[in-house]
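> Below: one structure in structure tokens.
The values are calculated or read from the model by the stated rules, or taken from the named source; none is laboratory data. Quantities reported herein were computed from a predicted structural model and do not represent experimental measurements. Glycine gets a Cβ as well: all are built from the backbone with ideal geometry, and neighbour counts include every protein chain shown.
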Amino acid sequence: MATRAARLPRGTRLGAWVAAAGATGRDELTLRLVGWREGRRLNEQFRGRSGPTNVLAFSGTASGPHGPGTLGDLVICLPLVYREAREQGKQTLAHLAHLVVHGVLHLRGFDHDDAASARRMERAEVRILARLGFANPYRVPGSPVGARKH
């Protein structure tokens with residue numbers, strides 16, 4: 001872990017979120033929780049965008065007949081996750097779970113580059129998070145059903 005932030009879930013809980021998003025027992029995945037400085041540096045280095053982003057996903061190598069592959073690496077900027085949760089009126093744990101699931105889905109080939117892909121990915125996220133006991137992350141708290149916040 002590369003951040004000293006408090007209120008972190010246990011590793012077993014993080015692992016359950018990863019597994020729920022479809023990572024199998026044969027998949028290797030690194031999940032790194034970072035602070036502002038590293039989050040900003042990685043986003044600038046790998047995406048060419050200034051400032052941190054909430055989650056970065058780096059694809060790994062596929063599993064093959066000779067053993068497991070590496071699903072990839074996820075980097076989550078924890079202080080940004082806390083700030084977003086507060087600003088969006090979400091529970092921190094629920095927002096963190098959403099970003100772990102979102103990142104694993106990216107590693108499994110999901111994207112949101114166009115409207116159809118985004119709908120497919122969002123449906124998968126909502127379904128997985130519901131199984132984990134979390135509400136739809138795209139609903140605006142206190143608004144009519146169907147209202148969404150990104």
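> Any chance you could count how many residues in segment 1-32 are of a type in the set (Gly, Ala, Ser), at pLDDT below 70 and in contact with a helix residue (DSSP H, G or I) (Cβ under 6 Å, 6 or more places away or on another chain)?
2
> Something else: With LEU99, LEU93 as the choices, which residue is over 18 Å from GLY22 (Cα atoms), of a type in the set (A, V, I, L, M, F, W, C) and in a helix (DSSP H, G or I)? Let's see the steps before the verdict.
Values: LEU99 fails: over 18 Å from GLY22 (Cα atoms).
Only one candidate passes the filter, namely LEU93.
> If I ask for residues that are touching a Phe, Trp or Tyr at 6+ places or on another chain (Cβ under 8 Å) and surrounded by fewer than 21 Cβ atoms within 10 Å (Cβ to Cβ), which ones from segment 98-124 would you list?
Once the filter is applied, which keeps residues that are touching a Phe, Trp or Tyr at 6+ places or on another chain (Cβ under 8 Å) and surrounded by fewer than 21 Cβ atoms within 10 Å (Cβ to Cβ), segment 98-124 yields SER117, ARG120, MET121, GLU122, ALA124.
> Mind listing whichever residues of segment 87-121 are among the basic types (Lys, Arg) and at pLDDT 95 or above? Walk me through how you get there before you give the answer.
Quick first cut of segment 87-121, residues among the basic types (Lys, Arg) only: 90, 108, 119-120.
Across segment 87-121, the qualifying residues are ARG119, ARG120.
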